[in-house]
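Novice: Take this structure, written in structure tokens, and hold onto it; I'll ask about it next.
Derivation of every value follows stated rules applied to the coordinates shown; laboratory data play no part. Bear in mind the structure is a predicted one, so any value in this text is a computation, not a measurement. Glycine gets a Cβ as well: all are built from the backbone with ideal geometry, and neighbour counts include every protein chain shown.
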Amino acid sequence: MIEVPVWLDRLAAKAEQHPVPETLRPPAHGGGRRAAVLMLFGEGPHGPDVLLIQRSSRGRRHAGQPAFPGGGVDPDDDGAIGAALREAAEETGLEPAGVRVVRTLPELYVWRSDNRVTPVIGWWHTPSAVHAASPDEVESVERVPIAELVDPANRVTLRYPTGYAGPAFKVRGLLVWGFTALVLDGALRAGGFERDWDPGREEDLPPDVVNLAARG
């Protein structure tokens, strides 16, 4: 059995118990398409990191947004876990054999795409080369160190045109916002990684990002 680092085991256990934000609670009527994302943590040259993709600006859904690898659960998948691993392999060239699934988190609802998303936390015990394996869907792939995500200099509160404001991360040339930022924010806080930062440091969602988001 592949051992999971203590820090990741702790993060996964506490994230599972973390309250689901009101904005991400699945609707009571039970609608929405089943989907899954892979929150893949590894040990990189700069310490613990997480795998993120930047979706293609040509995509129909969430164009241009940084995200976890993932997508819809297909009938042939072995549930959310199978879908998360399959999608990650298709989008990044990831070798699933190098991943140990740690646990799944409570289902979250993304209203814009009408998806009920199950986050799957994985330990990348044997990293493989990754790249934008599906150019129509993915523009780039990045292993982002947790130390950079929690650096107060890289954290902002992002104001949306709707009036909502939420956490965001500015790392490696990426603006991580929306669903992915909310999930990361909760997981890193639950795992004890969060550092004190200034939530009053606010910025507006950039116009180019607004325009891309409005397409899907």
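Novice: Counting only DSSP beta bridges with both residues in the chain, tell me the antiparallel percent, nearest 5.
Specialist: Counting DSSP beta bridges with both partners in the chain, the antiparallel share is about 75 percent.
Novice: Taking the Cβ of Leu149 as the center, what net charge do the other residues with Cβ under 13 Å away carry, scoring Lys and Arg +1 and Asp and Glu -1?
Specialist: 0
Novice: Taking the simple approach of a point 7 Å from Cα along Cα-to-Cβ for both Thr162 and Ala97, what is their distance in nm?
Specialist: My value for the distance between the label points is 4.3 nm.
Novice: Among bridges DSSP assigns within segment 28-153, what percent are antiparallel (round to 5)?
Specialist: Counting DSSP beta bridges with both partners in segment 28-153, the antiparallel share is about 75 percent.
Novice: Report the calculated FRET efficiency for Glu148 and Ala28 (r = Cβ-Cβ distance, R0 = 35 Å), to the nearest 0.05.
Specialist: FRET efficiency, Glu148 to Ala28: 0.40.
Novice: Based on the alpha-carbon gyration tensor of segment 82-157 and its eigenvalue square roots a ≥ b ≥ c, which shape applies: rounded if a/c is under 1.5, prolate if not and a/b is larger than b/c, or oblate?
Specialist: Rounded.
Novice: Quick check on the exposure proxy: order Ser140, Ser57 from fewest to most C-beta atoms within 10 angstrom.
Specialist: Ser57, Ser140
Novice: By the gyration tensor of its Cα atoms, with a ≥ b ≥ c the square roots of the eigenvalues, what is the shape of the chain: rounded for a/c under 1.5, prolate for a/b over b/c, or oblate?
Specialist: Since a/c stays below 1.5, the shape of the chain is classed as rounded.
Novice: Label Trp7 and Val20 with points 7 Å out from Cα along Cα→Cβ: what is the distance between them in nm?
Specialist: The answer from the label model is 2.9 nm.
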